[in-house]
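What follows is one structure encoded as structure tokens, with my remarks underneath.
The values are calculated or read from the model by the stated rules, or taken from the named source; none is laboratory data. Computed from a predicted structure; not experimentally measured. When we count neighbours, we look across all protein chains shown, and the Cβ atoms used for this are built from the backbone with ideal geometry, even at glycine. With ligands, DNA and RNA removed, areas are computed over all heavy atoms of the protein, side chains included. Shrake-Rupley method; radii C 1.70, N 1.55, O 1.52, S 1.80 Å.
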Amino acid sequence: MVDIEELADRIRETFEHKNTIRDQALAQSRVLTRHAAHAIRAIHREDAGEAREHLAEADILATSIREGLAGDPDLYFSGYAQDALKEYCEAHVTVASILNEEWPSPEDLQVEYATYLNGLSEVVGELRRRIMDIIRHSHSPEVERLMNVMEDIYSQLVTMDFPDALTFGLRRRTDIARSIIERTQADIAISFRQQELEKTILALSAQLSEMEESNEDN
């Protein structure tokens with residue numbers, strides 16, 4: 001007959017060990033998410049140095065989470081760990097995109113493909129934010145470049161037509177990315193027309209001023 005007390009002790013010991021690891025990973029995940037958010041915030045403020053500092057801290061935490069949960073795949077593939085790593089991927093690709101640098105690959109970041117793709121889907125929203133910041137002042141080739149990056153991301157995400165169990169819910173995020181792109185395209189077109197109208201009005205105003213000055217001279 002099984003010694004139920006001895007069995008319970010073994011199970012309890014295992015649970016206590018896993019709970020300790022889980023608590024540590026949870027704390028690290030929160031800090032990782034924070035560094036990812038700070039990196040994105042810094043690059044939007046055009047502070048590349050600060051963004052890189054936060055990414056370096058995020059690299060350390062991502063490695064710690066990955067190594068700490070190496071023997072517990074059930075914890076590693078839990079929501080909180082993969083969500084934090086998704087934010088980590090988003091931060092790295094957002095910074096690289098805005099700086100017009102080569103993206104780190106999933107292998108570079110040592111993350112699952114599904115996690116990387118979900119992070120990539122959220123880069124679209126950050127690039128929209130960057131574009132909106134630019135067009136508040138004027139249009140530039142940078143707007144077109146970032147718009148192309150957004151569209152390139154979507155064109156690849158939409159091909160990942162696999163069950164959510166494999167892609168961690170990528171389909172929903174891909175749909176959101178598409179709507180963000182459509183809104184951004186509309187906003188760019190409206191902003192461009194407004195700026196062209198303002199230029200036309202200013203040019204006409206200048207012409208009228210010249211005509212008035214000419215009439216006064218005569």
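Within region 185-199, not a single residue is open to solvent by less than 80 Å² (accessible area, probe 1.4 Å), over 25 Å from residue 66 (Cβ atoms) and at pLDDT 95 or above. Any residue at all in region 79-101 that is modelled with pLDDT of 95 or more, more than 18 Å from the chain's Cα centre (by Cα) and among the small types (Gly, Ala, Ser)? No, the conditions are met nowhere in region 79-101. Pairs are defined by a Cβ separation below 6 Å, a sequence spacing of at least 6 or placement on different chains, a first member in region 44-71 that is in contact (Cβ under 8 Å) with a residue 24 or more places away in the chain, and a second member that is open to solvent by 50 Å² or more (accessible area, probe 1.4 Å) and among the β-branched types (Val, Ile, Thr); no pair meets this definition.
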